[in-house]
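Student: What follows is a single structure, and I will ask about it in a moment.
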Amino acid sequence: MNKDGIVVLNPDYHFKNDRDRIVMYSKRKVSFDSSAEWVSYIHPMQAMILGLFTVPKSLKLHCKAIEKHFRLTPEEVETLIMPYVNNPTPVYTEIGSEKVLFPKNVLIPYSEIDDNCLMRYDFTMEDLKCDTVCLSQDRMHKAPHTLLFMLTNKCVTQCKYCYADRKTAYIPLTTKQILQFIDNAHALKVLYVDVIGGEVFCRKDWDAILSRLVEYDMTPSYISTKVPVTRNIVEKLYQTGYNDVVQLSLDSLDESILKEMIGCKSGYVEKIRNGIEWLQSYGYLLEIDTVLTRLNATKKQLQELYSFLKGVKNLRYWEIRIPEVSIYTPEEFASIKADREQLNEICRFVKEEIIPDSRFRIYLSSEALEEKFHAGKADDEYFNGGTCGILNDRLFILPDGKVGVCEQLYWHPQFVIGDLKKQSLEEIWSSDKALELFHLHRNLFETGSPCTECKILDSCNQRHRRCFVKTVKAYGINKWNYPDPRCQFAPVFNSNLRY
Ligand code: SF4
Ligand code: SF4
């Protein structure tokens, strides 16, 4: 077929029905000059028009068909279509008071793609029909767009800085239940499922789960582990088809320090080194994560790690982090917590003496040192801090099928909003509990929280500034509806959040 003059919908872009609008989205990895990880809500009519371009035809023939089908003039069709042909940057149209955003290169020359790419269109015109239309920039209406799945809370180490709930007992989902759940998520066009532990490799069927995610192109962007991986694990990983990043935690090369920090056994460092060799030999990209405590936040420790990492091939980056207090094991955390002076000194050393010398990327995450609590004046309308995205487009799945809203809140009863053993993902996403928590209804704050007296409660909630994790760290598990510790009205904390 002569492809000259033929224009098609860029196969990197996908559509899914979100009840009363269409989600236009792309994956993390794109094949053409496309906008990666794109998400926008578009009008069903716009999706249908673009959907016509899944059939390779000349632009002229397409325009004629659109004129006829939608009873438009040639000029109207040109105004409608041309902004999306080879558009080098994202564009938008206005519908009523809403801006509808489109990614770059929506319609591209057929000559630029391989015929097999046409197989990637995964919707029918029927899928693009909606009875009503709502284009507001709010949460996903039908189902979450991504998932975070904690496969197990089992682990191979006993890290004193661990923030996970490792004490809750549960009956795990079976392999069959998990695979069925992934099938359902795939049918709902969930973009990807990040998998975490505990330790992912501590679930015996991790490879079957990962293989299913690879089959559906729903793989996590990285797999994080503290397990000293063996040849057998790396081979199994390779056989699943997973070919992305493995993130390894390595806090020190000194085993006596590691034994105190993470409770590892003798020979751990040697095994980690071997694991790195195996991962490199299979071509995996590596990320190394180092957590700073009073035991390893020294020039000697970091210099040793840096020298070792210089010899690691395929290293994407080294992240050095200052941990925040753990909700579940605050006493253990306190026993290894570094003080501000030590951390300031080590951060200066990393910034001035290691980073400028390095040929690989190093990220120093020192937000915990810079966090401002009780900030702001009494008449400010909101406090400084990020925006919380819970229930916006993501859900957290616990190993027993309970569904939470944020990884660090685990089985906290207030934040478990459903159970996959009894409900579907769609039911949980649209349940009263999910909606109440997303909209932060006033009645959530009626049990003695100082927020009930706050004049700006409604505007604070609409801005989604509140981080429940920080609140629980400051006041305890039961005081989850207390003010965010960064808020100017926050009472005195019950724990030591500060460095
Ligand atoms: S509760 Fe806090 S940690 Fe959890 S998603 Fe919201 S801002 Fe992030
Ligand atoms: S966290 Fe509570 S006290 Fe602080 S601004 Fe928001 S509603 Fe008011």
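The values are calculated or read from the model by the stated rules, or taken from the named source; none is laboratory data. Since the structure is predicted, the reported quantities are computational estimates derived from the model, not experimental observations. Neighbour counts are summed over all protein chains in view; Cβ atoms, including those assigned to glycine, are modelled from backbone coordinates with ideal geometry. Keep in mind that these areas ignore ligands, DNA and RNA; they rest on the heavy atoms of the full protein, side chains included. Shrake-Rupley method; radii C 1.70, N 1.55, O 1.52, S 1.80 Å.
Student: Once R0 is set to 41 Å, what does the formula 1/(1 + (r/R0)^6) return for the Cβ-Cβ distance between Gln180 and Leu118, expressed as a FRET efficiency to the nearest 0.05? Show your work: numbers first, answer last.
Tutor: On the way: r = 30 Å, r/R0 = 0.74.
FRET efficiency, Gln180 to Leu118: 0.85.
Student: Oh, and also: So if I place +1 on the C-beta of Lys and Arg and -1 on the C-beta of Asp and Glu, and nothing else carries charge, what would the dipole magnitude of the chain be about its Cα centre? I want it in debye, nearest 20.
Tutor: Details: 64 positive and 67 negative charges, 163 e Å.
Rounded to the nearest 20 debye, it is 780 debye.
Student: Hey, what did segment 43-117 get for relative contact order, percent, Cα under 8 Å, at least 6 apart?
Tutor: Rounded, it is 22 percent for segment 43-117.
Student: Quote the charge dipole size of segment 364-441 about the Cα centre in Debye, to the nearest 20; the model charges only the Cβ of Lys and Arg (+1) and of Asp and Glu (-1).
Tutor: Approximately 280 debye in magnitude.
Student: On alpha-carbon atoms, Rg over Rh for segment 275-351 using Kirkwood Rh?
Tutor: 1.05
Student: Still on this structure, please answer the following. Per residue of segment 133-138, what does 6.51 cos²θ - 1.76 cosθ + 1.60 with θ = phi - 60° give for ³J(HN,Hα)? Whole Hz please, x for Gly and Pro, Karplus curve as stated.
Tutor: Working through the residues one at a time gives 10, 9, 10, 5, 7, 10 Hz.
Student: Report the paramagnetic label zone for Asp205: residues of segment 162-190 whose backbone N is under 15 Å from a point 7 Å from Cα along the Cα-to-Cβ axis.
Tutor: Hits in segment 162-190 for Asp205 at 15 Å: 171-184.
Student: How far apart, in nm, are two points set 7 Å out from the Cα along the Cα-to-Cβ line at Glu332 and at Phe70?
Tutor: 5.9
Student: Same structure again: From the phi angles alone, apply the Karplus equation (6.51, -1.76, 1.60; θ = phi - 60°) to segment 266-283 and give each ³J(HN,Hα) in whole Hz, x where the residue is Gly or Pro.
Tutor: Per residue, the Karplus-derived 3J(HN,Hα) values read 4, x, 4, 5, 4, 5, 5, 4, 5, x, 4, 4, 5, 5, 5, 5, 9, x Hz.
Student: A further question on this structure: Taking 0.36 nm per residue of separation and subtracting the Cα-Cα distance, what length does fully extending Arg28 through Asp419 add?
Tutor: Stretched out fully, the Arg28 to Asp419 stretch lengthens by 137.9 nm.
Student: For labels at Arg294 and Leu457 in the simple 7 Å Cα→Cβ model, what's the distance in nm?
Tutor: It is 4.1 nm.
Student: Over 5 Å intervals from 0, what percent of Cα-Cα pairs in segment 387-499 sits in each interval?
Tutor: 2, 12, 22, 24, 19, 13, 6, 3, 0
Student: Can you give me the long-range amide H partners of Val91? Hydrogens built in the peptide plane at 1.01 Å from N, cutoff under 5 Å, separation of 5 or more residues or another chain.
Tutor: Answer set, sorted by chain and number: Phe102.
Student: Run the numbers on segment 243-359 and let me know its relative contact order in percent, using alpha-carbon pairs under 8 Å that are six or more apart.
Tutor: 29
Student: Amide H to amide H under 5 Å from Gly418: which residues, 5+ apart in sequence or cross-chain, H placed 1.01 Å off N in plane?
Tutor: Val403
Student: Test of understanding: what is the full-extension gain from Glu126 to Leu497, defined as 0.36 nm times their sequence separation minus their Cα-Cα distance?
Tutor: So the extension gain works out to 128.3 nm.
Student: Extension gain Asp380-His439, at 0.36 nm per residue separation less the Cα-Cα distance, in nm? Don't jump to the answer; show the numbers that get you there.
Tutor: On the way: separation 59, 0.36 × 59 = 21.24 nm, distance 2.16 nm.
The span from Asp380 to His439 would gain 19.1 nm if fully extended.
Student: Next question, about the same structure. Which Cα, out of Ser358, Leu286, Cys159, lies furthest along the positive dipole direction of the chain (beta carbon charges, K/R +1, D/E -1)?
Tutor: Towards the positive end, the residue furthest out is Cys159.
Student: When Rg is the radius of gyration of the Cα atoms in segment 210-297 and Rh is its Kirkwood radius, what does Rg/Rh come to?
Tutor: The Rg/Rh ratio comes out at 1.02.
Student: Additional query: Using a 1.4 Å probe over the heavy atoms of the protein chains, calculate the carbon and sulfur portion of the accessible area of segment 66-167 as a whole percent.
Tutor: 53
Student: Quick one: if you stick a label point 7 Å off each Cα along the C-beta vector at Ile171 and Glu407, how many nm between them?
Tutor: Result for the modelled spin labels: 2.9 nm.
Student: Quick check: net charge around Glu260, other residues with Cβ under 14 Å of its Cβ, Lys/Arg +1 and Asp/Glu -1? Let's see the in-between values first.
Tutor: Details: positive: Lys160, Lys259, Lys265, Arg294, Lys337; negative: Asp251, Asp254, Glu255, Glu332.
Neighbour charge sum, excluding Glu260 itself: +1.
Student: Give, as ranges by residue number, the residues of segment 373-403 whose backbone N falls under 15 Å from the point 7 Å along Cα→Cβ of Arg316.
Tutor: None, by backbone N distance to the label point.
Student: Next question. Given an 8 Å cut-off on Cα distances and at least 6 residues of separation, report the relative contact order of the chain as a percent.
Tutor: 13 percent.
Student: Can I ask one more? At 1.4 Å probe radius, can you tell me the per residue accessible area of segment 265-343 in Å²?
Tutor: Each residue of segment 265-343 exposes 45 Å² on average to a 1.4 Å probe.
Student: To the nearest 20 debye, what charge dipole does segment 309-362 have about its Cα centre, counting +1 at the Cβ of each Lys and Arg and -1 at the Cβ of each Asp and Glu?
Tutor: 500
Student: Could you do me a favour and compute the accessible area per residue for segment 48-96, 1.4 Å probe, result in Å²?
Tutor: Value returned for segment 48-96: 63 Å² of accessible area per residue.
Student: Using the eigenvalues of the Cα gyration tensor, what equivalent ellipsoid semi-axes result for segment 258-315 when each is taken as the square root of five times the eigenvalue, whole Å, largest first?
Tutor: 22, 15, 9
Student: Next question, about the same structure. For segment 76-230, take N as its residue count and report Rg(C-alpha) divided by 2.2 N^0.38 Å.
Tutor: 1.43
Student: Please compare each pair in Lys29/Lys142; Lys167/Lys265; Lys27/Lys57; Lys310/Lys473; Lys160/Lys377 to a cut-off of 32 Å on the Cα-Cα distance and tell me which ones are over it.
Tutor: Those over the limit are Lys310/Lys473; Lys160/Lys377.
Student: To continue, here is another question. Residues in segment 111-128 near a label at Glu426, defined as backbone nitrogen under 13 Å from the 7 Å Cα→Cβ point?
Tutor: Under cut-off, by backbone N: 127.
Student: Once you have all Cα-Cα distances for the chain, histogram them in 20 Å bins from zero and send the whole-percent values.
Tutor: Values per bin, smallest distances first: 20, 49, 29, 3.
Student: With a Cα-only, solvent-free Debye model of segment 441-499, what are the log10 I(q)/I(0) values at q = 0.17, 0.23, 0.27, 0.28 Å⁻¹?
Tutor: -0.49, -0.91, -1.24, -1.33
Student: May I pose another question? Taking H placed 1.01 Å from N in the peptide plane, check which residues at least 5 places from Ile196 or on another chain put their amide H under 5 Å from its amide H.
Tutor: Phe149, Met150, Leu151
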